[in-house]
Amino acid sequence: QLQLVESGGGLVQPGGSLRLSCVASPTLDYYAIGWFRQAPGKEREGVSCISHSSSDTNYADSVKGRFTISRDNAKNTVYLQMDSLKPEDTAIYYCAAGPCSTVKLISPSRYDYWGQGTQVTVSS
């Protein structure tokens, strides 16, 4: 069974940056990975996804141009580089294994394996 562990969250000022990591075990091979976030009182929403070969990526409109997803299969790790952070980016961020489409972000219900989440807080 695939296990995912997120890290890299924290408190950052508006305009700052964070890089989240999602480490998979036993292997990241063959899995597309999505990043999701959930703010208090809100539904979980898709942020970005990347195919197993990195050939396909997708982003929510709210993060396009600010966030960058990448992966290093040799390290079994997917990254989410978050720049120009805004207070509305505050949420718990999760990574999950599931489909990645370039047409639209896939619903969280289609994802099978989830990490425990990492808190991102953007505040001055």
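Quick check on residue 69: is it hydrophobic (A, V, I, L, M, F, W, C) and open to solvent by 40 Å² or more (accessible area, probe 1.4 Å)?
Details: hydrophobic (A, V, I, L, M, F, W, C): yes; open to solvent by 40 Å² or more (accessible area, probe 1.4 Å): no.
Answer is no for this residue.
If you check residue 92 against the conditions, is it open to solvent by 50 Å² or more (accessible area, probe 1.4 Å), β-branched (Val, Ile, Thr) and touching a residue at least 24 places away in the same chain (Cβ under 8 Å)? Step through it out loud before you land on a result.
Details: open to solvent by 50 Å² or more (accessible area, probe 1.4 Å): yes; β-branched (Val, Ile, Thr): yes; touching a residue at least 24 places away in the same chain (Cβ under 8 Å): yes.
Answer is yes for this residue.
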| said: Report every pair of residues separated by at least 6 positions or lying on different chains whose Cβ atoms are under 8 Å apart, first residue within segment 109-122 and under 16 Å from residue 78 (Cα atoms), second surrounded by 11 or more Cβ atoms within 10 Å (Cβ to Cβ) and of a type in the set (Asp, Glu). | reply: 115/6; 116/6; 117/6; 118/6
| request: Of all residues in segment 70-89, count the ones that are in contact (Cβ under 8 Å) with a residue 24 or more places away in the chain and closer than 13 Å to residue 31 by Cα. | output: 5
| query | Hey, residue 80 hits all of (1) aliphatic (A, V, I, L, M); (2) in contact with a Leu (Cβ under 7 Å, 6 or more places away or on another chain); (3) surrounded by fewer than 18 Cβ atoms within 10 Å (Cβ to Cβ) but one; which does it fall short on? | reply | (3)
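Mind listing whichever residues of segment 95-104 are in a loop (DSSP other than H, G, I, E, B), open to solvent by less than 60 Å² (accessible area, probe 1.4 Å) and either out of contact with any Ser or Thr (no Cβ under 8 Å at 6 or more places or on another chain) or modelled with pLDDT of 95 or more (or both)?
So the first thing to find is which residues in segment 95-104 are in a loop (DSSP other than H, G, I, E, B), and the list is 98-104.
Still in the running and open to solvent by less than 60 Å² (accessible area, probe 1.4 Å): 98-101.
Passing the criteria: 98, 99, 101.
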| remark: Of (1) within 15 Å of residue 33 (Cα to Cα); (2) part of a loop (DSSP other than H, G, I, E, B), residue 79 satisfies every one except (2)
| remark: Among 115, 41, the single one that is loosely packed, with under 13 Cβ neighbours inside 10 Å and out of contact with any helix residue (DSSP H, G or I) (no Cβ under 8 Å at 6 or more places or on another chain) is 41
| strands (runs of 3 or more DSSP E) contained in segment 22-73 and holding at least 3 residues closer than 17 Å to residue 104 by Cβ | 33-38, 45-50, 57-59
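The values are calculated or read from the model by the stated rules, or taken from the named source; none is laboratory data. Here the structure is a predicted model, which is why all the values come from computation and not from measurement. Here Cβ is always computed from backbone atoms with ideal geometry, including for glycine, and neighbour counts include all displayed protein chains. These area figures cover heavy atoms from the full protein model, side chains too; ligands, DNA and RNA do not enter into them. Shrake-Rupley method; radii C 1.70, N 1.55, O 1.52, S 1.80 Å.
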